[in-house]
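**Q** Pasting a structure here, questions to come.
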Amino acid sequence: MRANGLEIVALSGGVGGAKLAMGLARTLPAKALLVVANVGDDFDHLGLSITPDIDTIIYTIAGLNNWGQGWGRADESWNFMDTIGDLGGEDWFQLGDRDLALHVWRTDQLRRGATLSTLTAAAAERLGVTCTICPSSDLPIRTILETAEGELDFQRYFVRRRAEPEVRAIQYRGAETAVPSPLFMAGLSNPSLRATIICPSNPVLSIGPIIAMDSARKALVDAPAPVIAVSPIKGESAFKGPTARNMRNLGMTPNALGVARYYQPLIDGMVIDHADAALAPAIREMGIAVAMSDISMPEPEDCERLARDVLAIVDDGSIRKRSR
Ligand code: FO1
């Protein structure tokens, strides 16, 4: 272990990704971990700048999260939301009172000229996170779903329409001009980096907006450290959310092999579930090394178990940067 330097960059969306990020945070020295959060789910709502994946990652690593729900805080109260409902306002996106304070503070600070990177670092530190968390970009990238009901922004598709409309195509609006955040770029070129881990998040909804940036893709490929994806799918089902259905609707195979094909240009290795061992030869044929673990994380201890397994795989050197 190089305890004083960065060792792991973890790319993450919300719920599933945040669980592995939490396991990594509990396993690694604080300075060794940089978690890079998706910003494609961000939106302006009720006059507030809401950054759900950043917040889910902060709450989860800080141990303040609502574990069963996957997002938001434990010990939450709902006076604000109830009153918005009484007023006939938009109450389809649940903002708890404690969570609301973060959105109000961030919105105010952004208006005063602060960057999302600065605010993410400050909020994480204030709420008790010791590793580093940064947004994938300080510039907006918005995930837009082209569905049978027309174009929907991420939260209107995911929360308001309960991810029910069939997704025909996805746009990562803004990704063509956005650039990765300074900490993200510096992390990938850090000489002490041992691996970049793509956490088990929805590839097309949560990681897609990150790797839609040309300079992020180039930096991942150019980084001397290997890029290792942890599959978000066991068999043909994701643990939570519409991952498998999204992949199927987009013409992808909804299993670990489909995930490997999506990430193929970027990754050197993949961690799949033992139950998917039969898919390993086809993934290896693509030039991607395969390691196996139990990728389910029903309880907080499972997040640490999977994190330890992933770090052992990084340590054993079985996944090397491949020549391209
Ligand atoms: N997800 C929901 O399914 N329903 C909600 O009402 C909801 C509110 C919410 C508020 C703050 C926040 O940070 C996240 C919230 N999420 C909610 C999760 C959010 O939709 C995430 O983008 C997804 O979980 C995907 O990671």
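**Q** Looking only at region 190-217, count how many residues are more than 24 Å from A169 (Cβ to Cβ) and more than 13 Å from the ligand (Cβ to nearest atom).
**A** 8
**Q** So A32 fits all but one of (1) near the ligand (Cβ under 9 Å from one of its atoms); (2) under 14 Å from C131 (Cβ atoms); (3) small (G, A, S); what number is the exception?
**A** Failing condition for A32: (1).
**Q** Given the criteria under 20 Å from the mean Cα position of the chain (by Cα), more than 27 Å from F239 (Cα to Cα) and either loosely packed, with under 15 Cβ neighbours inside 10 Å or aliphatic (A, V, I, L, M) (or both), does T118 qualify?
**A** yes
**Q** Quick one: which helices (runs of 4 or more DSSP H) lie wholly within region 230-323 and hold at least 2 residues that are crowded, with 22+ Cβ neighbours inside 10 Å and among the aliphatic types (A, V, I, L, M)?
**A** Answer list for region 230-323: 256-263, 300-316.
**Q** Could you list, ordered by first residue, the pairs with Cβ atoms under 7 Å in which the first is in region 136-164 and farther than 19 Å from M213 by Cα and more than 12 Å from the ligand (Cβ to nearest atom) and the second is part of a loop (DSSP other than H, G, I, E, B) and among the charged types (D, E, K, R), at least 6 apart or interchain?
**A** Sorted first by the residue in region 136-164, then by its partner, the pairs are T147/E166; A148/E166; L152/R161.
**Q** Output the residues belonging to region 13-29 that are of a type in the set (A, V, I, L, M, F, W, C) and within 11 Å of the ligand (Cβ to nearest atom).
**A** V15, A18
**Q** In the set G63, G47, which member is farther than 23 Å from L139 by Cα and either of a type outside the set (V, I, T) or within 12 Å of the ligand (Cβ to nearest atom) (or both)?
**A** After ruling out the rest, the residue left standing is G63.
**Q** Now, a different point. Out of everything in region 70-98 that is assigned to a loop (DSSP other than H, G, I, E, B) and among the aromatic types (F, W, Y), what residue ends up being surrounded by the most Cβ atoms within 10 Å (Cβ to Cβ)?
**A** The extreme case among them is W71.
**Q** Could you run through region 178-213 and say how many residues are in contact with a Leu (Cβ under 7 Å, 6 or more places away or on another chain) and part of a loop (DSSP other than H, G, I, E, B)?
**A** Residues that pass the stated criteria total 7.
**Q** Among (1) surrounded by fewer than 18 Cβ atoms within 10 Å (Cβ to Cβ); (2) in contact with a strand residue (DSSP E or B) (Cβ under 6 Å, 6 or more places away or on another chain); (3) of a type in the set (S, T, Y), there is one condition Y157 misses while meeting the rest; what is its number?
**A** Among (1) surrounded by fewer than 18 Cβ atoms within 10 Å (Cβ to Cβ); (2) in contact with a strand residue (DSSP E or B) (Cβ under 6 Å, 6 or more places away or on another chain); (3) of a type in the set (S, T, Y), Y157 violates only (1).
All of the numbers you see were taken from the coordinates with simple rules; none came from a lab. Everything quoted here is computed from the prediction, not taken from an experiment. In this analysis, Cβ positions are derived from the backbone assuming ideal geometry, glycine residues included, and neighbour counts consider all displayed protein chains.
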